[in-house]
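Data block below; observations after.
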Amino acid sequence: MNLNLLKLISSQQVTFLKDVNKTININNHGEYKYFKIPLMDIKTIFSFIDSLDNEKLYIVIPFISYACKLDDPRLILSRQFLITKYSNELIISDYLNSKLDDAIIDFGMSLTNYYLIFKYKSVKFDFSNKMKLN
């Protein structure tokens, strides 16, 4: 994948999957993995981003869990977004903290112990179906 493109993903603002140009297909075959982050710890978010392959693009679904059990109820914090090793952890963290604050207000929740869990997998842009100009 183009390094310049990877460096643009979620670097200035969160890049949502829905915002990707409709002429570009996303190949998202493969299994999801999970990364657990206690109390939305910024250092752990940084560790997650740092652990990503530097040549891959990932899709992330962030959610909150009280007991950190994947079979228990959970609250999805946002739409799916794209992330790479070069994404800005502060942008991601600030966005997710804002969404968590919204959820606490909207649902009248009180959170003292919780886990932020990233459900994620590697994806690829498929440019083979680009619209052809006449």
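The values are calculated or read from the model by the stated rules, or taken from the named source; none is laboratory data. Worth saying up front: this structure is predicted, and the values here are computed from it rather than measured. Cβ placement follows ideal geometry from the backbone for every residue including glycine, while neighbour counts extend to all protein chains displayed.
Yes or no: Tyr58 assigned to a strand (DSSP E or B) and either in contact with a helix residue (DSSP H, G or I) (Cβ under 7 Å, 6 or more places away or on another chain) or surrounded by 12 or more Cβ atoms within 10 Å (Cβ to Cβ) (or both)?
When the stated conditions are applied, Tyr58 passes them.
What are the pairs with Cβ atoms under 7 angstrom where one residue, in region 1-20, is within 17 Å of Ser122 (Cβ to Cβ) and the other, located anywhere, is modelled with pLDDT of 80 or more and among the small types (Gly, Ala, Ser)? Sequence gap at least six, or different chains.
These pairs meet every condition: Ile9/Ser87; Ser10/Ser87.
I'd like the full set of residues that are modelled with pLDDT of 90 or more and more than 18 Å from Leu39 (Cβ to Cβ), limited to region 87-108.
Correct list: Ser87, Asn88, Ile91, Ile105, Asp106.
Within region 61-81, count every residue that is touching a Leu at 6+ places or on another chain (Cβ under 8 Å), outside any loop (DSSP other than H, G, I, E, B) and within 16 Å of Ile91 (Cα to Cα).
2
Here is a check on your reading of the model: is Leu8 within 14 Å of the chain's Cα centre (by Cα), farther than 16 Å from Leu116 by Cβ, surrounded by 13 or more Cβ atoms within 10 Å (Cβ to Cβ) and aliphatic (A, V, I, L, M)?
Considered against the rule, which asks whether it is within 14 Å of the chain's Cα centre (by Cα), farther than 16 Å from Leu116 by Cβ, surrounded by 13 or more Cβ atoms within 10 Å (Cβ to Cβ) and aliphatic (A, V, I, L, M), Leu8 comes out as no.
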